[in-house]
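Peer 1: Mind having a look at this structure? Questions to follow.
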Amino acid sequence: MQLTGAQALIKSLEMEQVEVIFGLPGGAILPVYDPLLDSTIRHILVRHEQGAGHAAEGYAHVTGRPGVAMVTSGPAATNIVTALADAYMDSIPLVVITGQVGTSLIGTDAFQEADTTGITMSVTKHNWLITDASQIPTVVREAFHVATTGRPGPVLIDLPKDVSNQAMEWYWPESVDLPGYKPTLKGHPKMIQEAAKLISKSLRPVLYVGGGVLRAGATKELLALAEHCGIPVVTTLMARGAFPDDNPLCLGMPGMHGNYTAVTSMQKSDLLITLGARFDDRVTGNVAGFAPYAKVIHVDIDPAELGKIRNPDVPIVGDLKLVIPELTREIKKLKVDLKSQLEPWIAELDTWREKYPLSYNQDPGGRPLKPQYVIERLRQMAPPDTIVVSGVGQHQMWASQFWKFNHPNTWVNSGGLGTMGFAVPAALGAKVGRPDKVVWAIDGDGCFQMTAQELVTATAERIPIKVAILNNAYLGMVRQWQEMFYDQRYSEVYLSPDLPDYVKWAEAMGCVGIRVDSADEVEVAIEKANSINDRPVVIDFRTDTWEKVFPMVPAGKTNDEIVIGPQEMERK
Amino acid sequence: MTFSSSVVPMGGNRTNLEAKHHVLSVLVENKSGVLARIAQLFSRRGYNIYSLSVAPTEDERFSRVTIVVDVESAPLEQITKQLHKLINVLKISEINAAQAVEYELLMGSISTSSETRSELIELVRIFDGKIVDVGFDKLTVMLAGSPKMLDDFEALLGAYPIVEIQRTGRVALQKLDRSAPTRARSKSGKAS
Ligand SMILES: Cc1ncc(C[n+]2csc(CCOP(=O)(O)OP(=O)(O)O)c2C)c(N)n1
Ligand SMILES: [Mg+2]
């Protein structure tokens, strides 16, 4: 069967069971948009290519399947670089297809030419420049394989226009042949035994759980391990929902804005059982002072993570889905009564939990409206498996702190790169992936202004997401740092509460817009938002400008120097 | 991205550097852009390349990249692990200088006068080098040898008016085993 390169590409995507592409056409990718008309694959026309990338990420986050985006050459390719970098940092499987100028024009500074493979080399797991249409099925097959196996990540296929038009004989490769790519899946049995021994002797162990557990789909295995041993669990920003917050063993989020108990548990621990986490500086604080008494077991599918920041006592390379049950089995064999062994540790943690809970103060008069109160009310009024998507800033930290995540893949955020503007397009992608679930974006006023136009996409495509803007009129997180560390010298952080008018803007984009100024209006507004299912809703919550995120480990300090709240701040 | 097939910093005292240098022999797929990926990885992760040379192998599907890395910039283990993540990298062997045959090539054009010409020819002969080109008042000399030997030679050439000197960066192979093979070791004794 003879096909054009463009037809072969679409057919290859169908073979990979792609159900949706987020994209926006242009000159170099035009040939591919034609056979797309005849395909069963849904295409969602975004308003900016960055949105296509984040939407594909949101889709991948909640479905565990690779997100697919397709854009044209040059400026479109550069527009999607942010999303690639974001996905690379957070190990999100993406397949991005970019058009490229004709092969004879490559290197001539042709119209809309950019060195896309060169530019994206450091933010993709791998990329391909196709030079002949016969390569298309092989490359697509390889691309999906690389994106989804081992440590997942984004890949990019650059497709010159003439190659799209070239004829090729259709085939579908039986398998992939990548001699240099063989992820290790099975953990080394001896190392797993070593790990079990360390665990059986530990008195203050902590399961330090990262996003890798979600990527591996190993949440049930984690629950079994934790419950069998009675070991407490911290879930990093990327791992919220990997272990149920309602489980008594869950200590919540560690790190710069983690709660006291989660942070301090690691500082006092004698054994960190690190599962799919990577000792990010936002978790460790000053590394030299991080978890000083702890031995480290480190399990990761990416060998380069072991020893990158902290040398593990027991390194295990492997897929968590396989390694965690093996580890549980080995521990059971040792027949130690870990639960009673850990009783004093759990009791100590409980006293901290009681003494230092997360807190805030909503004035009963209703004003100023506290952002944490909004999040709590949103949560109480939402179904338990609601998907929460956030931007980057104070609102992100409050969302992570005050939501209760009890289901895997219900928390979607930009952790590693910290990309403002992530929330709206990612929420759209998440809702496309899980149309059965309620999707709330909890966004900042600054973030919202970066990618809000994707609400036009959401309205046009009938994707009824809900957006809660925690409008504090500031680039709040930066304002907080200027208040705390730059003597309250506020430099270029003020945004204004009513410029733009978020309600009018929402309405102009075909959404329902609601404004909330005081705590007593919160419930009615959320009720209204919950009742709307045929279009997106935006609530402009005018929240307290001066609220700060606590606890906080100041940058460069060790986690022992955690500042619990504003009262303590003043004492220091 | 363009990249000459070998990069060696000019001048400087090489001998003291040996200790912090390690030689990696990297077998890669012979595909376009592989060298760019390696160079990019080093630059992005802040690793220093001291010298690098690339050549096709006996099997045309593969090339061999010999990289001399500066392990003060990052631990060798991180460098090899990150390199391994490149999809086109098949195999990485660290070549321990003490157990390697290492070669590098130097070519230099030197101005000579009637007095210095025979002296220079004598120097080249002592080092077992070659005169590969002869001009009216210049000679081009060539020497293949260990990096240390080349350093000495280059230092001695410094006494003459040097027109140009080029070095290739080194290539290396593991020394061959001289002892007769012993019986296969028991599996259980294998270190993990
Ligand atoms: C694209 C991008 N630019 C700049 C930053 C730096 N930054 C981090 S948080 C933040 C403020 C975010 O403001 P807003 O969305 O209003 O959230 P808030 O902190 O007020 O909740 C900024 C500017 C970033 N993370 N991403
Ligand atoms: Mg703000």
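Peer 1: Which condition number does A:P357 fail, the rest of (1) more than 18 Å from A:G565 (Cα to Cα); (2) surrounded by fewer than 12 Cβ atoms within 10 Å (Cβ to Cβ) being met?
Peer 2: The one condition A:P357 does not meet is (1).
Peer 1: Looking at A:I136, is it buried (at least 24 other Cβ atoms within 10 Å of the Cβ), within 14 Å of chain B (Cβ to nearest Cβ) and over 17 Å from A:G211 (Cβ atoms)? It would help to see each step written out before you state the result.
Peer 2: Values: buried (at least 24 other Cβ atoms within 10 Å of the Cβ): yes; within 14 Å of chain B (Cβ to nearest Cβ): no; over 17 Å from A:G211 (Cβ atoms): yes.
No, not satisfied.
Peer 1: Can you name every residue in region B:136-151 that is surrounded by fewer than 16 Cβ atoms within 10 Å (Cβ to Cβ) and free of Cβ contacts under 8 Å to residues at least 24 places away in the same chain?
Peer 2: The one that is surrounded by fewer than 16 Cβ atoms within 10 Å (Cβ to Cβ) and free of Cβ contacts under 8 Å to residues at least 24 places away in the same chain: B:F136.
Peer 1: Can you list the helices (runs of 4 or more DSSP H) lying wholly within region A:414-482 that have 2 or more residues being closer than 23 Å to A:D90 by Cβ, more than 12 Å from ligand 2 (Cβ to nearest atom) and modelled with pLDDT of 95 or more?
Peer 2: Working: elements: A:423-433, A:445-451, A:454-460.
Of the helices (runs of 4 or more DSSP H) lying wholly inside region A:414-482, those with at least 2 residues that are closer than 23 Å to A:D90 by Cβ, more than 12 Å from ligand 2 (Cβ to nearest atom) and modelled with pLDDT of 95 or more span A:423-433, A:454-460.
Peer 1: Filter region A:191-227 down to the residues that are of a type in the set (A, V, I, L, M) and part of a strand (DSSP E or B), then identify the one that is surrounded by the most Cβ atoms within 10 Å (Cβ to Cβ). Spell out the reasoning first.
Peer 2: Kept after step one, since they are of a type in the set (A, V, I, L, M), are these residues of region A:191-227: A:191-192, A:195-196, A:198-199, A:203, A:206-207, A:209, A:213-214, A:216, A:218, A:222-226.
Imposing the further condition that a residue be part of a strand (DSSP E or B) reduces the set to A:206-207, A:209.
Working: A:V206: 27, A:L207: 27, A:V209: 29.
Applying the filter and picking the extreme gives A:V209.
Peer 1: Now for a different question. Within the set of pairs 6+ apart or on separate chains, which have a first residue in region A:433-461 that is of a type in the set (D, E, K, R), a second that is within 16 Å of ligand 1 (Cβ to nearest atom) and in a loop (DSSP other than H, G, I, E, B), and C-beta atoms under 6 Å apart?
Peer 2: Final answer for the pair search is A:D443/A:G391; A:D445/A:L495.
Peer 1: Identify all residues within region A:17-41 that are surrounded by fewer than 21 Cβ atoms within 10 Å (Cβ to Cβ) and in a loop (DSSP other than H, G, I, E, B); write none if there are none.
Peer 2: A:Q17, A:E19, A:P25, A:G26, A:L37, A:D38, A:S39, A:T40, A:I41
Peer 1: Taking region A:265-312 as the region of interest, how many residues are out of contact with any Gly (no Cβ under 8 Å at 6 or more places or on another chain), in a loop (DSSP other than H, G, I, E, B) and within 14 Å of another protein chain (Cβ to nearest Cβ)?
Peer 2: 8
Peer 1: Regarding A:A430, is this residue crowded, with 23+ Cβ neighbours inside 10 Å, outside the structural domain of A:G255 (by TED's automatic domain parsing), under 19 Å from A:V522 (Cβ atoms) and away from ligand 1 (no atom under 11 Å from the Cβ)?
Peer 2: Considered against the rule, which asks whether it is crowded, with 23+ Cβ neighbours inside 10 Å, outside the structural domain of A:G255 (by TED's automatic domain parsing), under 19 Å from A:V522 (Cβ atoms) and away from ligand 1 (no atom under 11 Å from the Cβ), A:A430 comes out as no.
Each row is one residue, and each column tells you yes or no for (1) over 19 Å from the mean Cα position of the chain (by Cα); (2) away from chain A (no Cβ under 13 Å).
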position: B:V26; (1), (2): no, no
position: B:L35; (1), (2): no, no
position: B:T57; (1), (2): no, yes
position: B:S63; (1), (2): no, no
position: B:V69; (1), (2): no, yes
position: B:P75; (1), (2): yes, no
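Peer 1: Sticking with this one: Filtering region A:467-507 down to residues that are within 14 Å of ligand 1 (Cβ to nearest atom) and aromatic (F, W, Y), which residue is surrounded by the most Cβ atoms within 10 Å (Cβ to Cβ)?
Peer 2: It comes out as A:Y502.
Peer 1: Let me ask something additional. In region A:439-462, what residues are more than 16 Å from ligand 1 (Cβ to nearest atom) and out of contact with any Asp or Glu (no Cβ under 8 Å at 6 or more places or on another chain)? Show your work before the answer.
Peer 2: So in region A:439-462, the residues more than 16 Å from ligand 1 (Cβ to nearest atom) come out as A:439, A:456-462.
A:V439, A:V456, A:T457, A:A458, A:T459, A:A460, A:E461, listed by residue number.
Peer 1: Residue under question is A:S122, and the condition is that it be under 23 Å from A:R282 (Cβ atoms), within 14 Å of chain B (Cβ to nearest Cβ), outside any helix (DSSP H, G or I) and not β-branched (V, I, T); does it hold?
Peer 2: no
Peer 1: Right, here's the next one. Quick check, is A:V317 buried (at least 21 other Cβ atoms within 10 Å of the Cβ), of a type in the set (A, V, I, L, M), within 14 Å of chain B (Cβ to nearest Cβ) and touching a helix residue (DSSP H, G or I) at 6+ places or on another chain (Cβ under 7 Å)? Give the derivation first.
Peer 2: Details: buried (at least 21 other Cβ atoms within 10 Å of the Cβ): yes; of a type in the set (A, V, I, L, M): yes; within 14 Å of chain B (Cβ to nearest Cβ): yes; touching a helix residue (DSSP H, G or I) at 6+ places or on another chain (Cβ under 7 Å): yes.
For A:V317, the condition - buried (at least 21 other Cβ atoms within 10 Å of the Cβ), of a type in the set (A, V, I, L, M), within 14 Å of chain B (Cβ to nearest Cβ) and touching a helix residue (DSSP H, G or I) at 6+ places or on another chain (Cβ under 7 Å) - is met.
Peer 1: Can you run down the residue pairs with Cβ atoms below 6 Å, 6 or more apart or on separate chains, where the first is in region A:464-490 and closer than 23 Å to A:V522 by Cβ and the partner is part of a helix (DSSP H, G or I) and near ligand 1 (Cβ under 8 Å from one of its atoms)?
Peer 2: A:I469/A:D445; A:I469/A:F448; A:L470/A:P371; A:L470/A:H395; A:N471/A:D445; A:G476/A:Q394; A:M477/A:Q394
Peer 1: Which of the residues spanning region A:153-172 are buried (at least 18 other Cβ atoms within 10 Å of the Cβ) and over 15 Å from A:S104 (Cα atoms)?
Peer 2: Answer for region A:153-172, where residues must be buried (at least 18 other Cβ atoms within 10 Å of the Cβ) and over 15 Å from A:S104 (Cα atoms): A:G153, A:P154, A:V155, A:L156, A:I157, A:M168.
Peer 1: Taking A:E523 and the conditions (1) under 23 Å from A:Y373 (Cβ atoms); (2) crowded, with 17+ Cβ neighbours inside 10 Å, which numbered condition does it fall short on, given that it satisfies the others?
Peer 2: Condition not satisfied by A:E523: (2).
Peer 1: Under 9 Å between Cβ atoms, at least 6 apart or on separate chains: pull out the pairs that start in region A:278-293 with a residue that is in contact (Cβ under 8 Å) with a residue 60 or more places away in the chain and over 23 Å from A:I316 (Cβ atoms) and end on any residue that is surrounded by fewer than 17 Cβ atoms within 10 Å (Cβ to Cβ) and of a type in the set (K, R).
Peer 2: A:G285/A:K557; A:N286/A:K557; A:G289/A:K557
One line per residue, one yes/no per condition, for (1) touching a Ser or Thr at 6+ places or on another chain (Cβ under 6 Å); (2) closer than 30 Å to A:G217 by Cβ:
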{"position": "A:H298", "(1), (2)": "yes, yes"}
{"position": "A:P315", "(1), (2)": "no, yes"}
{"position": "A:D350", "(1), (2)": "no, no"}
{"position": "A:D363", "(1), (2)": "no, no"}
{"position": "A:Y373", "(1), (2)": "no, no"}
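Peer 1: Here's a follow-up. Among residues belonging to region A:362-409 that are part of a loop (DSSP other than H, G, I, E, B) and hydrophobic (A, V, I, L, M, F, W, C), point out the one that is nearest to ligand 2 (Cβ to nearest atom).
Peer 2: Taking region A:362-409 and keeping what is part of a loop (DSSP other than H, G, I, E, B), we get A:362-368, A:370, A:381-386, A:391-393, A:403-409.
Cutting the leftovers down to hydrophobic (A, V, I, L, M, F, W, C) gives us A:381-382, A:392, A:403, A:405.
Numbers: A:M381: 23, A:A382: 22, A:V392: 10, A:W403: 18, A:F405: 23 Å.
Applying the filter and picking the extreme gives A:V392.
Peer 1: For a quick check of your reading of the model, give me the residue pairs whose first member lies in region A:495-514 and is at positive phi, whose second is away from ligand 2 (no atom under 13 Å from the Cβ), with beta-carbon atoms closer than 7 Å and at least 6 apart or on different chains.
Peer 2: Every condition considered, the pairs that remain are A:G510/A:V456; A:G510/A:T459; A:G510/A:R535.
Peer 1: Shifting gears a bit: Of all the helices (runs of 4 or more DSSP H) wholly in region B:56-170, which have at least 1 residues that are polar (S, T, N, Q)? Break it down into steps so the answer makes sense when it comes.
Peer 2: Working: elements: B:76-84, B:116-126, B:147-157.
Filter on region B:56-170 gives B:76-84, B:116-126.
Peer 1: Sticking with this structure for a sec: Scan A:L499, A:L495 and give me the residue that is under 30 Å from A:D281 (Cα atoms) and assigned by TED's automatic domain parsing to the domain that holds A:E461.
Peer 2: Numbers: A:L499 fails: under 30 Å from A:D281 (Cα atoms).
Unique residue meeting the criteria: A:L495.
Peer 1: Here's a follow-up. Which one of these is within 14 Å of chain B (Cβ to nearest Cβ) and without any contact (Cβ under 8 Å) to a residue 24 or more places away in the chain: A:K186, A:K220, A:K182? Before the answer, list the steps.
Peer 2: Working: A:K186 fails: without any contact (Cβ under 8 Å) to a residue 24 or more places away in the chain; A:K220 fails: within 14 Å of chain B (Cβ to nearest Cβ).
Checking each option against the conditions leaves just A:K182.
Peer 1: Limited to region B:84-98, what total is found for residues that are buried (at least 16 other Cβ atoms within 10 Å of the Cβ) and within 9 Å of chain A (Cβ to nearest Cβ)?
Peer 2: Counting residues in region B:84-98 that are buried (at least 16 other Cβ atoms within 10 Å of the Cβ) and within 9 Å of chain A (Cβ to nearest Cβ) gives 7.
The values are calculated or read from the model by the stated rules, or taken from the named source; none is laboratory data. Source: prediction; values computed, not measured. No Cβ is skipped: glycine too gets one built from the backbone with ideal geometry, and neighbour counts run over all protein chains shown.
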